Amino acid sequence: MSAAHPDLHQMGVAELGAALHARQTSATEVAQHLLARAHAHSGLGAYLALNEAATLAQAAAADARLSAGERGPLLGVPLAHKDVLVTRDFPTTAGSKMLQGYRSPFDATVVQRLAAAGAVSLGKLNCDEFAMGSGNDQSAYGPAHNPWDRTRVPGGSSGGSAVAVAARLAPAATGTDTGGSIRQPASFCGVTGIKPTYGRCSRYGLVAYASSLDQAGPMARSAHDCALLLSAMAGPDVERDSTSLEQPPEDYSRYLAQPWPGASASRPLQGLRIGLPREFFGPGCASDVLQAVRAALSELERLGATLLDIALPRTELAIPAYYIIAPAEASSNLSRYDGVRYGHRAAQPSDLLDLYQRSRSEAFGPEVQRRILLGTYVLSHGYYDAYYIKAQQIRRLIAQDFQTAFGQCDLIAGPVAPSVAWAIGAKTADPLAAYLADIYTLPASLAGLPGMSVPAGFGADHLPVGLQLIGNYLSEARLLQVAHQLQRVTDFHRQSPQGF
């Protein structure tokens, strides 16, 4: 631990970048400090894999680049990756026994781009198995624990990423969002996270769950830090990912210090129209969550924003549509894990059918098996038209609802989840109850829109609450601008759990 910087773990991405450039500390010193914290707080279950030799080698390379005069906002800054992004230096399990011990021969595009920017990888982070879950209690390697209350879930599926950032084990982490898996854990753990527009970040090297929904994004303490990370992560990758958008790289921090177009410095959000969907503020949302969200919205009003009532009338259809589309795609994507090419292989199979059956039943957990069965059913002859095609039609209607709403407002705001974090295991026996926790995040995912969670205060038992901001396609820079303005006048994103 540095005598000059005894609290290196309290520094965010931008702060660490500035300290490294000023040579007030070194990438090696920061990496060693955070690795020690990872070991000291291993009981949180945030990390699934560390490789200290690889991490320190990356840190030494970053120090050499800094010594040579190279500069960059992420050069030497450590972060960790959700365990569904493949990495050469660390095993990738996707939180499943199916991939236990698997080593990828290549890095995911997102990992590769962050490494090229000089970021140092600390390790791989816990997640629900194959990113299927809302609490990070579906991991084959045990749950991650919310540092605000270790008896509670951190949210899922990117729970390990949220825990690492909230507990100050890493200043930032990658996550993935299929139906809310960046935004919901960010809300439950009091950190900032953004799901970009579908296609902004390459899916190459992302272990697939639902290919038309999966999207990588950053999780950090502030909107500023998320903007720095997203600037490195995003960009076209059409040669390796056919769903990648052919949008040139952007500086997502470019608006942070600016007022909204036409606004003044004293009222920096004047002219911004924020739509509040009545479906997000009904009796299904807990009163403590609504209180924190409305207090954050009042802050945005004081900054000059105008709040408007809008409607997203097909919100309640998002859950049934999602839980047809996503399992259908999962059943197809996970068919590759058959015990033949890679992954778990059953011992001494009697024939090919026995190999398939036992390899999959031994290695897939109950939630993954449930979704595979559901997906296979809705894709089967006689049910495809009745379920899958109908769900895709509803998906289009949900996207149209958003476009109607954006004719009235610039962005949409509301709660991320209808409650604060629940107790670990509380919803294990009732999967539908966990599915319902995604009611406010699923619509934006189905529409492919960018959305983020911004710390908005605390609810019952002093547990964090997130404010969800949803923008139109390709509006990430504006979303981050609004979040940054909110974080200039609030300090919820700076608060850490007791003991961390």
Expected single match for out of contact with any Cys (no Cβ under 8 Å at 6 or more places or on another chain) and over 25 Å from L300 (Cα atoms) among P249, P261 is P249
When every residue in segment 305-325 that is of a type in the set (G, A, S), open to solvent by less than 20 Å² (accessible area, probe 1.4 Å) and within 18 Å of I412 (Cβ to Cβ) is compared, the one farthest from the chain's Cα centre (by Cα) is A305
Per the list (1) modelled with pLDDT of 95 or more; (2) of a type outside the set (D, E); (3) under 23 Å from P143 (Cβ atoms); (4) open to solvent by 20 Å² or more (accessible area, probe 1.4 Å), residue check on R488 breaks on (3)
Would you check if there is a residue in segment 76-90 being surrounded by fewer than 24 Cβ atoms within 10 Å (Cβ to Cβ), out of contact with any strand residue (DSSP E or B) (no Cβ under 9 Å at 6 or more places or on another chain) and within 30 Å of G155 (Cβ to Cβ)?
yes
Per the list (1) part of a loop (DSSP other than H, G, I, E, B); (2) open to solvent by 30 Å² or more (accessible area, probe 1.4 Å), residue check on L213 breaks on (2)
Of (1) closer than 28 Å to D137 by Cα; (2) surrounded by fewer than 19 Cβ atoms within 10 Å (Cβ to Cβ); (3) hydrophobic (A, V, I, L, M, F, W, C), A68 fails just (1)
Of those in segment 95-130 that are in contact with a Gly (Cβ under 9 Å, 6 or more places away or on another chain) and among the basic types (K, R), the residue surrounded by the fewest Cβ atoms within 10 Å (Cβ to Cβ) is K97
Taking segment 214-234 and keeping residues of a type in the set (S, T, N, Q) and under 13 Å from the mean Cα position of the chain (by Cα) leaves Q215
- Check whether at least one residue in segment 239-261 is of a type in the set (S, T, N, Q), under 25 Å from A14 (Cα atoms), modelled with pLDDT of 95 or more and open to solvent by 70 Å² or more (accessible area, probe 1.4 Å), and report yes or no. yes
* Asked: Yes or no: A328 farther than 15 Å from Q468 by Cα, open to solvent by less than 10 Å² (accessible area, probe 1.4 Å) and in contact with a helix residue (DSSP H, G or I) (Cβ under 7 Å, 6 or more places away or on another chain)?
  -> yes
So, first residue over 13 Å from L469 (Cβ atoms) and touching a residue at least 60 places away in the same chain (Cβ under 8 Å) in segment 404-415, second residue in a strand (DSSP E or B) and open to solvent by 10 Å² or more (accessible area, probe 1.4 Å), Cβ within less than 9 Å, six or more apart or across chains; the pairs are Q408/R273; Q408/L308
Out of contact with any Pro (no Cβ under 7 Å at 6 or more places or on another chain), open to solvent by 20 Å² or more (accessible area, probe 1.4 Å), under 27 Å from G95 (Cβ atoms) and touching a residue at least 12 places away in the same chain (Cβ under 8 Å): is that true of G339 in this structure?
no
L436: passes all of (1) open to solvent by 40 Å² or more (accessible area, probe 1.4 Å); (2) more than 14 Å from A286 (Cβ to Cβ); (3) of a type outside the set (D, E, K, R) but (2)
Matching residues in segment 350-384 (in a helix (DSSP H, G or I) and either under 21 Å from T93 (Cα atoms) or out of contact with any Phe, Trp or Tyr (no Cβ under 8 Å at 6 or more places or on another chain) (or both)) number 23
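Output the residues belonging to segment 328-349 that are among the basic types (K, R) and in a helix (DSSP H, G or I).
Narrowing segment 328-349 to residues among the basic types (K, R): 336, 341, 345.
Listed by number, the list holds a single entry, R336.
Pick out, from segment 385-500, the strands (runs of 3 or more DSSP E) lying fully within it that include 1 or more residues that are more than 26 Å from G271 (Cα to Cα) and among the aliphatic types (A, V, I, L, M).
Numbers: elements: 411-415, 451-458, 464-471.
Of the strands (runs of 3 or more DSSP E) lying wholly inside segment 385-500, those with at least 1 residues that are more than 26 Å from G271 (Cα to Cα) and among the aliphatic types (A, V, I, L, M) span 464-471.
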Condition check for S139: at pLDDT 95 or above and either under 12 Å from the mean Cα position of the chain (by Cα) or open to solvent by less than 10 Å² (accessible area, probe 1.4 Å) (or both): no
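The values are calculated or read from the model by the stated rules, or taken from the named source; none is laboratory data. Since the model is a prediction, treat every value here as computed from it, not as a measurement. Ideal geometry is used to build each Cβ from the backbone, glycine not excepted, and the neighbour counts take in all protein chains shown. The area values use the complete protein model at the heavy-atom level, side chains included, leaving out ligands, DNA and RNA. Shrake-Rupley method; radii C 1.70, N 1.55, O 1.52, S 1.80 Å.
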